[in-house]
1. Within the chain, which whole H helices from DSSP have a Cα span along their axis of at least 24 Å and a mean Kyte-Doolittle hydropathy of 0.5 or more, if any?
2. Obtain the nm distance between the two label points defined at residue 61 and residue 41 by a simple spin-label model: each point lies 7 Å from its Cα along the Cα-to-C-beta direction.
3. Which of the three applies to the chain, rounded, prolate or oblate, going by the alpha-carbon gyration tensor with a ≥ b ≥ c and a/c under 1.5 meaning rounded?
4. Using helices alone, I'd like the mean residue ellipticity at 222 nm for the chain: each DSSP H run of four-plus residues gives -39500 (n - 2.57), total over residue count, nearest 500.
5. Given H placed 1.01 Å from N in the peptide plane, which residues other than close sequence neighbours of residue 121 have an amide H under 5 Å from its amide H?
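Laboratory data are not the source of any read-out in this text; all were calculated from the coordinates shown. Since this is a predicted model, take the numbers as computed values, not measurements. Methodologically, a virtual Cβ is constructed for each residue, glycine included, from the backbone with ideal geometry; neighbour enumeration extends over all protein chains shown.
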Amino acid sequence: VTATYTGSLSKDGGAYPVSLFYTNTVNLLQAQDLGFDDFTDAYTMAGYVLSEDVRFPKLNAEETSAALEYRSTQSMEALTAVFENADFPLSGKETWPESFSYEKQGMICFSMPVPHALGDYVIVTFDPSTK
């Protein structure tokens, strides 16, 4: 089962609220948390994000263009690091993950952080059956 959470966070003294997206996926049969590395690997998804095949299904054409422009400023190494540190549990981690993932009907979905002007995050989808 996967729970997805969206909302905004206003910090004391903050200039503006920040948009939030996070998920928690649990295998109920094994009572085990599932995360990014249970669905795919960070390096492959970083390559996918940097490819021409990347899909942002919740964005319109203008938002997609802006996300692609921002994406062009990212490196394979930086995106791999973000995705390697995705999801819960936080055990041993000192910071909140920058990316969260889930699987929906065979499609791998995950968030990618973007600047506040672009919405703070975008959702990326990857269909392994087409690759």
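1. The qualifying helices: there are none.
2. 3.8
3. Here the chain falls in the oblate category.
4. Helix contribution divided over all residues of the chain: -7000 deg cm²/dmol.
5. Placed amide hydrogens put 114 under 5 Å from residue 121.
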